[in-house]
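Have a look at the structure below before the remarks.
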Amino acid sequence: MGIAELAVIAAGVSMDAFAVSVCKGLSVRNPGARHYCSAALWFGGFQAMMPLAGYFLGVRFAGFVYDVDHWIAFVLLGIIGGNMIREALAGEDFKEDPDFSFRTMLALAVATSIDALAIGVSFAFLQVDIWKAIALIGAATAAFSAGGIYVGNMFGSRYKSKAELAGGVILVVMGVKILVEHLFFQ
């Protein structure tokens, strides 16, 4: 998997954190460096750690599933992307919460990075430089999260569902691409 594909996956997996950051930005009257850094570090850090954990889990089982690895990646990315699309189309209301405490940010960081764990598992079955992948995912998520605080504060919630929808579509398309490449071009 090349750098362009990893960058696209990084952007896609960052959209949950972006959407939550938009909501956090809505709740803060005058966001400062503390708010931007908190979102970037919590979300970027967890989005980088979870694929690494998933990768190491997947590596342990890669030998057993080598013949179906492309299907696993396709299904995982499809489920994650499909769920993001479903949530975006459901148009769920958000609750304003200006709380940036340890407990709140930890819960949000874990919740938004569960999909990154599954992506890490799929990375174990593909030709992926995991260190490059987690660096890209962490950096992209940190940037999108800080940007989400700004967007939420400036523009409101109108971009939350669009970001989640875009992220879901990107992940589904990447899953289909992996499957098609393996079935027809190997």
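Data overview
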read-out: Test set (1) of a type in the set (A, V, I, L, M); (2) at pLDDT below 85; (3) more than 16 Å from Val22 (Cβ to Cβ) - Val128 fails condition number; value: (2)
read-out: Residue selected from the range 119-135 under the condition in contact (Cβ under 8 Å) with a residue 40 or more places away in the chain, of a type outside the set (A, V, I, L, M) and assigned to a helix (DSSP H, G or I), by the criterion nearest to Phe43 (Cα to Cα); value: Gly120
read-out: Residue count, the range 80-109 (criterion: at pLDDT 80 or above and surrounded by 14 or more Cβ atoms within 10 Å (Cβ to Cβ)); value: 7
read-out: Of all residues in the range 8-36 being surrounded by fewer than 16 Cβ atoms within 10 Å (Cβ to Cβ) and not basic (Lys, Arg), the one that is farthest from Ser145 (Cα to Cα); value: Asn30
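The values are calculated or read from the model by the stated rules, or taken from the named source; none is laboratory data. Every value quoted in this text rests on a predicted model; they were computed, and no experiment measured them. Every residue, glycine among them, receives a Cβ derived from its backbone with ideal geometry; neighbour counts consider all protein chains shown.
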